[in-house]
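Input: a single structure, listed below in structure tokens.
The values are calculated or read from the model by the stated rules, or taken from the named source; none is laboratory data. In this text, all values refer to a predicted model and were calculated from it rather than measured experimentally. No Cβ is skipped: glycine too gets one built from the backbone with ideal geometry, and neighbour counts run over all protein chains shown. What goes into the accessible areas is simple: the full protein's heavy atoms, side chains included, and nothing from ligands, DNA or RNA. Shrake-Rupley method; radii C 1.70, N 1.55, O 1.52, S 1.80 Å.
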Amino acid sequence: MLRLHDFKEGIRIALTAIGANKMRSVLTTLGIVIGVVVVTLMATVIEGLGGALDKSISSLGTDVYYLSKWDWFGGEWWKARNRKDVTVEQAERLRDKFQLAEAVVPVASTWQRTMKYKNRSVKGNVNGTDPTYEITSGVVPEDGRFFNLYESNSGRPVCVIGYDVAKNLFEREDPIGKTIKISGYSYRVIGVFEKEGDFLGTSMFSKDTQAFIPLPNFLKIFGTNRSIDIHVKMWEGVDKESAKEEMIGAFREIRGVPPGEENDFGVNTQDFLKQVFDGVVSTIGIVGFLITSLSLLVGGVGIMNIMFVSVKERTKEIGTRKALGAKRRSILFQFLIEAATICMMGGLLGLAISWPLSLIIDEVLPSSMPLWVVGLSLSISIAVGLISGIVPAYTAAKMNPVDALRYE
Amino acid sequence: MPLIHIKDVVKTYDMGAELVHALSGVSLDIEENEYVAIMGPSGSGKSTLMNVIGCLDTPTSGLYEFTDQNVGDLDDNELAEIRNRKIGFVFQTFNLLPRSTALHNVELPLIYSGVTAQQRREKAEQALVSVGLGDRMTHKPNELSGGQRQRVAIARALVNDPSIILADEPTGNLDSKTGIEIMQLLVDLHEKGNTIILVTHEEDIAAHAHRIIRLFDGKIASDEVVAEPLIYAKAE
Ligand SMILES: Nc1ncnc2c1ncn2[C@@H]1O[C@H](COP(=O)(O)OP(=O)(O)OP(=O)(O)O)[C@@H](O)[C@H]1O
Ligand SMILES: [Mg+2]
């Protein structure tokens, strides 16, 4: 049992001892400091990634399947290369055949096209699609509107542009009704999408940098010789799994896949993000855990070593305290508290270092250091102190008072 | 009943190759309010005897009763408690905590006996005043002279109102003038009713005591009451 006066005296002794050996104490805690920095930054990054994931998922639109020649995640791309293209015609057949979907949207894309207004230009992906795209997209036009069925079917030269495209081309001007050039062709801007934000830390896949034009128009300009994506969104209330099975069955039939053979197309969902995320998180987690444990181990051994030194140096003091009536328990606590205090200061130092670093991370990946990790780091630090202090403290506690007093 | 009753106490150190007999059969009684000096050549077992009396060390064999308690029956914690409440130590090397103030040094025994902070402070201040250091309470040991340090140590020894004060060569590290001042302090304590046991090499220091025990080779060579101790001679 730890009595209050033992505790107070212990803290007092610890602070005096640490104060007398400031440099030594700080250097000793290096392992703890590194451990705490790693563990807190790791938690911050994981938290940030989680936030990014949530945003990305919501931007993709929920419960949307992306039928494509390619598998987004996993799969074997070298096999996918030999697959037949996914065509607009297949999309139309699926739309007719498959009734459980609210929307079956053909989306043809081309990468890094130049968009120009007056003397300003940007590069971004250009997509050809139809009005049902709005159902699956997850974002809505902030200004203006999406193109309607008439504009789409007749292939009018109209476009809806992403937030960043609008900002970069028009700055303060109102884009609606203005004409821009996409790969040299003129399009009238009829809508601007709301800001979507970066997608897992990159604007590459974000709608913010893209433009959308009617599909017939797209095919005319960029050619039909390409594989498109089909975005499928099920009706509310249908059973997800069976609907998915039915969709796959229908699309297999359309593409003429014989029974028993595997799909010759990718059925992608936002789940891939989750998989990427889990992969990244577990990698960070494992690496972080290894570094943290290693530095805590090194730190713990360092603390144990310095505590042995401290006990040795103060042998005479221990003898004196015992002569004055200190019990084993008091001496034990004295050194345990000293070890725990050193480690806790290491923990605080670590937090003092990782706090500004977490603000820097926040710039790149919106995040904040979770509070629980602060508590956890301090608890771990103290635990390391107690564990590595126990043997030296016990050595001190069981010293024979006469031998301790005689020690030179 | 004597305060201290020692019968056939033997203390042997096993050095592997040989056995060192630090005490080989010591018997003595010490009454309350005695002032005893223990003398003898170096290595004769004086410190060993003091450590046994002070419950810092346990004899290899023999009986030691302190205030009618058989010390041999006590465990570590009980011994610590006796040292804390009944015994005050004064060491040749002062043994103060270097980074603590005089006041905190004197408070130490009270901390270990669980006295409240308020009382602790009062008692420690009182003790320091009684050794003439009322104006040095917040000084650290390295800010004090040798004599002052030993006074702090004496204040520390008496702060818990012990039954007995044990001083192992308390003047050994002091010049003779300071030594005499320290001796005067012990004489005063004795006159107030304290029991004092003192180890010394110097005849004129021992001359303050009213009983002188001489050790030789771990045995008591002589144990005599001084006809006219310096204390009384001076008092006249
Ligand atoms: N811890 C120990 N281990 C081995 N021998 C010891 C130990 N302590 C004391 N001795 C031996 O016991 C004998 C008595 O020692 P002690 O310290 O009691 O002598 P002392 O009379 O106090 O001498 P001094 O006047 O030099 O202080 C000595 O021979 C010493 O070497
Ligand atoms: Mg000695």
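Expressed as a fraction of 2.2 N^0.38 Å, the rule-of-thumb size for a compact globular protein of N residues, what is the C-alpha radius of gyration of the range B:144-201?
On the way: Rg = 10.8 Å, N = 58, 2.2 N^0.38 = 10.3 Å.
Normalised Rg, Cα atoms only: 1.05.
State the percentage of accessible surface on the range A:84-264 attributable to carbon and sulfur atoms; use a 1.4 Å probe and exclude ligands, DNA and RNA.
On the way: 4160 of 8770 Å².
The C+S portion of the solvent-accessible surface of the range A:84-264 is 47 percent.
With r as the distance between the Cβ atoms of A:ASP278 and A:ASN305 and R0 = 25 Å, compute the FRET efficiency 1/(1 + (r/R0)^6) and round to 0.05. Before the final figure, lay out each step's value.
Details: r = 40 Å, r/R0 = 1.59.
E(calc), rounded to 0.05, equals 0.05.
Which whole-number percentage describes the relative contact order of the range A:313-384, with Cα contacts under 8 Å and a sequence gap of 6 or more?
About 39 percent, as a whole number.
Could you tell me the distance between the Cα centroids of the range A:125-144 and the range B:19-36, to the nearest Å?
103 Å
Give me a single rounded figure for B:51-59: the average over its residues of other chain Cβ atoms within 10 Å of their Cβ. Display every interim value, and only then the final one.
Details: counts 5, 1, 0, 3, 2, 9, 5, 2, 0.
Across the residues of B:51-59, the mean count of other-chain Cβ atoms within 10 Å is 3.
What is the angle, in °, between the Cα long axis of helix A:30-60 and the longest principal axis of the Cα atoms in chain A? Nearest 10 is fine, range 0 to 90.
Helix A:30-60 sits roughly 20 degrees off the main axis of chain A.
If you take the C-alpha gyration tensor of chain A, multiply each eigenvalue by 5 and take the square root, what semi-axes do you get, largest first, in whole Å? Please report the intermediate quantities before stating the final value.
On the way: eigenvalues 899, 116, 48 Å².
Rounded to whole Å, the semi-axes are 67, 24, 16.
Probe of 1.4 angstrom, ligands and nucleic acids ignored: what's the accessible area per residue over the range A:9-48, in square angstrom?
39 Å²
Compute the distance from the alpha-carbon center of the range B:125-185 to that of the range A:325-352, in whole Å.
32 Å
Run the Debye formula on the Cα coordinates of the range A:84-264, all scatterers equal and no solvent, and tell me log10 I(q)/I(0) at q = 0.09, 0.11, 0.14, 0.17 1/Å.
Taking Cα atoms of the range A:84-264 as identical point scatterers yields -0.34, -0.51, -0.78, -1.07.
Thinking of the range A:64-177 as a set of Cα atoms, what percent of all their pairs are more than 24 Å apart?
On the way: 2465 of 6441 pairs.
Of the Cα pairs, 38 percent sit more than 24 Å apart.
Would you calculate the separation in nanometres between label points at A:ARG188 and A:TRP235, each defined as 7 Å from the Cα along the Cα-to-beta-carbon direction?
Calculated label separation equals 3.7 nm.
Identify which of A:ALA339, A:ALA326, A:ALA101 has the largest mean-square fluctuation in a Gaussian network model of chain A, with springs joining Cα atoms closer than 10 Å.
Most flexible of the set in this elastic network: A:ALA326.
With the radius of gyration and the Kirkwood radius both derived from the Cα set of chain B, what is their ratio Rg to Rh?
On the way: Rg = 17.6 Å, Rh = 18.3 Å.
Using Cα coordinates only, the ratio equals 0.96.
Using Cα springs under 10 Å in a Gaussian network model of chain B, which residue among B:VAL36, B:VAL20, B:VAL131 shows the largest mean-square fluctuation?
Maximum fluctuation in the GNM of chain B, among the listed residues, is at B:VAL20.
Can you pull the semi-axes for the range A:1-145, root of five times each eigenvalue of the Cα gyration tensor, sorted largest first, whole Å?
Values: eigenvalues 727, 88, 67 Å².
After scaling each eigenvalue by five and taking roots: 60, 21, 18 Å.
For the range A:102-166, which trypsin sites (Lys or Arg not before Pro) pass both filters: DSSP loop (anything but H, G, I, E, B) and at most 12 other C-beta atoms within 10 Å?
Working: sites: A:ARG113, A:LYS116, A:LYS118, A:ARG120, A:LYS123, A:ARG145; in loops: A:LYS118, A:ARG145.
Those that pass, being in a loop and sparsely packed, are A:LYS118.
Based on alpha-carbon centroids, what's the gap between the range A:361-403 and the range B:42-88 in Å, whole number please?
39 Å
Could you work out the relative contact order of the range B:58-191, using alpha carbon pairs under 8 angstrom and six or more residues apart, expressed as a whole percent?
Working: 170 pairs, mean separation 43.1, N = 134.
It comes to 32 percent, rounded to a whole number.
Over the range A:84-264, average the accessible area per residue using a 1.4 Å probe and give it in Å², no decimals.
On the way: 8770 Å² over 181 residues.
Computed with neighbouring chains in place, this is 48 Å² per residue.
Of the cross-linked pairs B:LYS11/B:LYS192; A:LYS69/A:LYS167; A:LYS69/A:LYS240; B:LYS46/B:LYS177, which ones have a Cα-Cα span greater than 26 Å in the structure shown? Before the final figure, lay out each step's value.
Numbers: B:LYS11/B:LYS192 33 Å; A:LYS69/A:LYS167 33 Å; A:LYS69/A:LYS240 22 Å; B:LYS46/B:LYS177 24 Å.
Flagged as over cut-off: B:LYS11/B:LYS192; A:LYS69/A:LYS167.
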